[in-house]
Amino acid sequence: MTEADIWTILETVPDPEVPVLSILDLGIVRAVSIEANDSVQITITPTYSGCPAMDMISMGIRMKLLENGVKNIHIINQLSPAWTTDWMSDAGKQKLKAYGIAPPLDQHNNSELFGEEHKIQCPQCNSFNTELISQFGSTSCKALYRCLDCKEPFDYFKCHR
Amino acid sequence: MNIALHTDIQQALCNYVLQLADTNLILGQRICEWCGHGPILEQDIALSNIGLDLLGQTRSLYQYAATLQGESKTEDDLAFLRSERQFKNLLLAEQPNGDFGYTVLRQFLYEAFQLLLLDRLKNSSDQQLAAIAEKSLIETTYHYKWSAEWVIRLGDGTDESKSRIQKSVNEIWTYTGEMFIPSVDEQTLTSAGIIPDVTNLKEEWLHKVTEVFAEATLDMPDNNGWMQRGGKTGVHTEHLGYMLAEMQYLQRQYPGQKW
């Protein structure tokens with residue numbers, strides 16, 4: 001088994017909260033290495049400090065590798081460099097949108113108070129005529145919006161950087 | 001371990017990491033009391049979300065403190081099996097929630113401080129402390145924006161909201177001074193070049209708060225008045241004991257329980 005094989009297996013580990021995304025789409029896996037004694041070392045990084053999915057993600061990695069015959073697995077949690085939505089793959093962003101969640105914008109001003117809001121596109125009808133309902137949503141990584149054209153509420157995957 | 005630390009510096013670092021963790025845990029626990037009681041659903045969710053971030057940061061800090069202690073304790077031991085006098089959290093964090101205005105104001109005053117502190121700590125010579133700070137800073141930026149905007153909305157809102165949040169400002173103010181009074185451990189670490197001198201953060205913090213209060217049309221209290229202290233040395237207000245009694249009940253009654 002090569003490191004490339006391990007990456008291919010990890011591609012099939014879904015995010016527990018947004019199962020349409022793999023943990024690779026999210027940029028959670030930072031490194032894979034095979035050590036001299038054939039142990040596999042996986043370095044992952046949390047999205048949010050309090051993300052309750054991290055334990056399930058570690059478990060998911062372990063299970064999937066075991067299924068594929070990898071027995072000696074070490075998962076390392078690494079905090080720095082801090083995870084950012086910049087690491088989300090383009091394929092991941094497209095999958096999110098198809099799933100009904102607006103993907104993170106590259107530039108989103110999180111520091112200026114009452115700063116001019118970037119228009120978030122409705123994942124259902126593609127309208128930019130939308131408004132923020134709440135900066136916080138059903139999980140740490142999402143904010144809640146509503147579309148003023150098709151009237152559907154929708155999740156926005158917050159820009160985190 | 002990152003570097004071979006001198007024993008007393010290592011002890012100070014452990015105490016300091018506990019101090020940071022305790023404040024986050026107690027404040028996170030406090031604001032999660034809003035769960036199911038928020039004024040509207042979205043803000044109820046916001047408070048629990050912020051609480052969850054604080055709890056996550058707390059876990060990283062307790063895990064690190066446990067490593068520094070080297071006594072094979074776990075993060076759960078540190079959260080659930082220490083008594084009131086061993087907790088080093090800021091008095092600000094343990095104050096009861098009051099109304100929604102009091103809660104967002106307390107959050108704002110704390111996050112404004114955290115924003116400045118973490119921005120320095122992310123460059124600390126202690127790599128693990130720096131990594132936790134770097135991670136927490138992004139979350140803090142988001143909490144700061146939310147809480148500052150709510151302080152402005154309520155201050156510059158109706159007569160009712162303004163008079164109530166102004167009253168909260170006057171009540172809470174004496175608990176803000178403690179952030180800028182270094183404990184013995186903070187002094188040791190500042191001398192060792194590991195953490196910034198918190199007294200130097202005060203001016204910048206006041207500037208931030210003054211700016212937001214001006215926009216919120218709130219009056220700044222007298223900044224040279226008496227300030228409460230004691231949290232960092234384990235001398236708390238009566239409120240902490242009740243919190244710990246509730247929070248620690250399960251682990252004390254049924255030791256070793258796990259999720």
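The values are calculated or read from the model by the stated rules, or taken from the named source; none is laboratory data. Predicted, not measured: the structure shown is a model, and the values here were computed from it. Backbone-built Cβ (ideal geometry, glycine too); neighbour counts: all protein chains shown. Side chains included, ligands, DNA and RNA excluded: accessible areas come from the protein's heavy atoms. Shrake-Rupley method; radii C 1.70, N 1.55, O 1.52, S 1.80 Å.
Quick grid of which residues meet (1) open to solvent by 10 Å² or more (accessible area, probe 1.4 Å); (2) small (Gly, Ala, Ser); (3) more than 10 Å from chain A (Cβ to nearest Cβ):
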position	(1), (2), (3)
B:Asn24	no, no, no
B:Leu27	no, no, yes
B:Cys35	yes, no, yes
B:Ile40	yes, no, no
B:Gln43	yes, no, no
B:Ala46	no, yes, no
B:Thr58	no, no, no
B:Ala65	no, yes, yes
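Which residues, counting only those in region A:1-18, are open to solvent by 30 Å² or more (accessible area, probe 1.4 Å) and either over 14 Å from A:Ile61 (Cα atoms) or among the β-branched types (Val, Ile, Thr) (or both)?
A:Met1, A:Thr2, A:Glu3, A:Ala4, A:Thr8, A:Thr12, A:Glu17
Checked against the criterion of being closer than 30 Å to A:Gly137 by Cβ and either within 14 Å of chain A (Cβ to nearest Cβ) or surrounded by 20 or more Cβ atoms within 10 Å (Cβ to Cβ) (or both), the candidates B:Leu91, B:Leu109, B:Leu78 yield just one match: B:Leu109. When region B:167-182 is filtered for residues that are open to solvent by less than 30 Å² (accessible area, probe 1.4 Å) and within 13 Å of B:Leu218 (Cβ to Cβ), the ones remaining, listed by number, are B:Ser168, B:Val169, B:Ile172, B:Trp173. Pairs are defined by a Cβ separation below 8 Å, a sequence spacing of at least 6 or placement on different chains, a first member in region A:63-90 that is over 14 Å from A:Cys159 (Cα atoms) and within 14 Å of chain B (Cβ to nearest Cβ), and a second member that is at pLDDT 95 or above and open to solvent by 70 Å² or more (accessible area, probe 1.4 Å); the pairs so defined are A:Gln78/A:Arg30; A:Ser80/B:Gln127. Candidates A:Val20, A:Val40, A:Val32: the one that is touching a Phe, Trp or Tyr at 6+ places or on another chain (Cβ under 7 Å), without any contact (Cβ under 8 Å) to a residue 40 or more places away in the chain and of a type outside the set (Asp, Glu) is A:Val32.
Taken over region A:28-56, the criterion of being within 14 Å of another protein chain (Cβ to nearest Cβ) and open to solvent by less than 60 Å² (accessible area, probe 1.4 Å) is satisfied by A:Ile28, A:Thr43, A:Ile44, A:Thr45, A:Pro46, A:Thr47, A:Tyr48, A:Ser49, A:Gly50, A:Cys51, A:Ala53, A:Met54. Scanning region A:122-161 for residues that are free of Cβ contacts under 8 Å to residues at least 60 places away in the same chain and in contact with a helix residue (DSSP H, G or I) (Cβ under 8 Å, 6 or more places away or on another chain) yields A:Pro123, A:Ile133, A:Ser134, A:Gln135, A:Phe136, A:Gly137, A:Ser138, A:Leu144.
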